[in-house]
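Everything on this sheet refers to the single structure shown next.
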Amino acid sequence: MFSEFDLTGEIAKLELRRPWRGGMESSVLVKVGDMRVVVFAMDQARKMNEHHAAGTVSVHVSRGGVRLRVGEEEVRLGGWWVAGYRGRREA
């Protein structure tokens, strides 16, 4: 199965929903089996609470930067990041 979407357009749709309740908005673009592709838009300095999601993590930061903690490791992101990790994470 192939999925195609306009990431810039999806981000623009989220921007139109401002102001965001809780400083963040998201939209599920792909949901197939255990794979999810979710686009998030977040206010500056917004923190996403720790959560658990099984499967591989892929993060693409299109604007700004993000600090991501996965397990005991913390990384600062400004592009693509992929990791096979099954556990708790927060951004």
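FYI, it's all coordinate maths here, none of it is from the lab. Every value quoted in this text rests on a predicted model; they were computed, and no experiment measured them. All Cβ positions, glycine included, derive from the backbone under ideal geometry; neighbour counts span all protein chains shown.
Over the range 1-66, what is the mean sequence separation of C-alpha contacts under 8 Å (at least six apart), divided by residue count, expressed as relative contact order in percent?
Relative contact order here is 24 percent.
Using the Karplus curve 6.51 cos²θ - 1.76 cosθ + 1.60 with θ = phi - 60°, what ³J(HN,Hα) values do you get for each residue of the range 41-53, in whole Hz, with x for Gly and Pro?
10, 10, 5, 4, 6, 6, 10, 8, 5, 4, 8, 10, 8
About the Cα centre of the chain, what is the dipole size in debye to 20, counting +1 per Lys and Arg Cβ and -1 per Asp and Glu Cβ, all else neutral?
240 debye
Is it possible to state the helix-based mean residue ellipticity at 222 nm for the chain, with each DSSP H run of 4+ residues giving -39500 (n - 2.57), the sum divided by total residues, to the nearest 500 deg cm²/dmol? What is it?
For the chain, the value works out to -3000 deg cm²/dmol.
Pick the calculated Rg and Dmax of the Cα atoms in Å for this structure from (i) 13.4, 36; (ii) 12.2, 41; (iii) 13.5, 46?
Read-out from the structure maps to (i).
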